[in-house]
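The values are calculated or read from the model by the stated rules, or taken from the named source; none is laboratory data. From a predicted model like this one, the values you see are computed outputs, not experimental measurements. Here the Cβ is made from the backbone with ideal geometry for all residues, glycine too, and neighbour counts use every protein chain on show. Accessible surface areas use protein heavy atoms only, side chains included; no ligands, DNA or RNA. Shrake-Rupley method; radii C 1.70, N 1.55, O 1.52, S 1.80 Å.
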Amino acid sequence: MRFLGNIEARVDAKGRVFLPATFRKVLQSESEEQLVLRKDVHENCLVLYPESVWLEQMDFMRSKLNRWNREQQNIFRQFVSEVENISLDGNGRILLSKRLMEVAGIDQMVRFIGVGDTVEIWAAGSNSEQFMSPDDFSKALEELMGSSTPALP
């Protein structure tokens, strides 16, 4: 499952927003009906997980953490307690709760960004500050991928 793209949409007064058609098609092709929404751990945006991806993330995290260690249990508890289960309505919209809209600074416009197996939801206009400049991106990509990775076919 791969989400790709960068699409703006308007949030209505009730907090509903159309999930872009390209992303809905990906969900339909994978028979994903349930979604999980949470604030990103690092950035001021929301992350939309197809339920199967969310369950994989939870299982992976659980395998890394010891449930008998208080701090690790609190990490897991906080990660999973801040989610909301959502689904698409009959018109292809999702409902963003007021709580999540506030923590992500979302008002009337959002930007959906496909990030592989998840979709990020940003307040429109806010994400330009989060990305690297073209020169910094080029340099970082060159350092990361430069000589240590074999060439793609």
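So N66 fits all but one of (1) at pLDDT below 95; (2) in contact with a strand residue (DSSP E or B) (Cβ under 8 Å, 6 or more places away or on another chain); (3) surrounded by 11 or more Cβ atoms within 10 Å (Cβ to Cβ); what number is the exception?
Answer for N66: the failing condition is (2).
Does V119 qualify as being within 27 Å of K25 (Cα to Cα), in contact (Cβ under 8 Å) with a residue 40 or more places away in the chain, open to solvent by 40 Å² or more (accessible area, probe 1.4 Å) and assigned to a strand (DSSP E or B)?
So V119 does not fit the description; no.
Does M101 satisfy the condition of being over 12 Å from the mean Cα position of the chain (by Cα), surrounded by fewer than 17 Cβ atoms within 10 Å (Cβ to Cβ) and touching a residue at least 60 places away in the same chain (Cβ under 8 Å)?
No: the conditions fail for M101.
Among V26, V36, V53, which is the only one that is buried (at least 16 other Cβ atoms within 10 Å of the Cβ) and over 20 Å from F76 (Cα atoms)? Outline the logic, then answer.
On the way: V36 fails: over 20 Å from F76 (Cα atoms); V53 fails: over 20 Å from F76 (Cα atoms).
Only one candidate qualifies: V26.
Among the residues that make up the range 47-62, is at least one of them in contact with a strand residue (DSSP E or B) (Cβ under 8 Å, 6 or more places away or on another chain), closer than 18 Å to I113 by Cβ and charged (D, E, K, R)?
no
If I go through the range 2-45 residue by residue, how many of them are assigned to a loop (DSSP other than H, G, I, E, B) and either touching a His at 6+ places or on another chain (Cβ under 8 Å) or on the phi > 0 side of the Ramachandran plot (or both)? Let's see the steps before the verdict.
From the range 2-45, those assigned to a loop (DSSP other than H, G, I, E, B) are 2, 11-15, 19-20, 30-33, 40-45; that's our starting set.
Filter once more, so that each one left must be either touching a His at 6+ places or on another chain (Cβ under 8 Å) or on the phi > 0 side of the Ramachandran plot (or both): 15, 31.
So the answer is 2.
Of all the residues that make up the range 57-98, how many are farther than 25 Å from Q28 by Cα, touching a residue at least 40 places away in the same chain (Cβ under 8 Å) and of a type in the set (V, I, T)?
Counting residues in the range 57-98 that are farther than 25 Å from Q28 by Cα, touching a residue at least 40 places away in the same chain (Cβ under 8 Å) and of a type in the set (V, I, T) gives 0.
Of all residues in the range 105-116 being under 12 Å from the mean Cα position of the chain (by Cα) and not basic (K, R), which is surrounded by the most Cβ atoms within 10 Å (Cβ to Cβ)?
F112
I need a count of the residues in the range 78-98 that are open to solvent by 70 Å² or more (accessible area, probe 1.4 Å) and part of a loop (DSSP other than H, G, I, E, B).
2
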